[in-house]
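Structure first, then comments.
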Amino acid sequence: MPDISIRLKRLGKKRIHTVPYTLPAEVTTLRQLIRACVEKEVDRFNTSRTEPRLFAFLTPAEIQSQSESGKVGFGDLSNTDEADHEKALDVALQAHEDGVFCVFIDDEEVRHADDAIILTDGSVITFLRLTFLTGLLW
């Protein structure tokens, strides 16, 4: 499995999140890539719901980091429901099909879920979330 980077970007926002990522299995299509990412993130989300926090305190660095986003909190959860893997995958694939987000691999857009992809060490996958204008039509 190649070591890759994932970039998360929203249109209209300056901040780009880039994180190192290791896929749990070999992927050859965009559908498999989305499935692998969704499964890994759902597992991470579900683990955060069930792990108890023994020490509820923040370091000065955590306070500074959280204050930049506009909210400082201890991470207490009132909803501990876990996410369903298949439901999350269906939502992600439908969102891609509906054009809610685009996927670029090394700056090349991959348009269809069954398109073949090649990932190598150092590949950069960009998930670009598109923002729609809302409002009333007169």
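Quick look at the values:
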{"item": "Trypsin sites (Lys or Arg not before Pro) lying in DSSP loop within the stretch 1-54, provided at most 14 other Cβ fall within 10 Å", "result": "K13, K14, R15, R53"}
{"item": "Residues with amide H under 5 Å from that of D115, placed H, sequence gap 5 or more", "result": "L30, R31"}
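Every read-out reported here was derived from the displayed coordinates using simple, explicitly stated rules and does not represent laboratory data. Note that the structure is a prediction, hence the values are computed from the model and not measured. Every residue, glycine among them, receives a Cβ derived from its backbone with ideal geometry; neighbour counts consider all protein chains shown.
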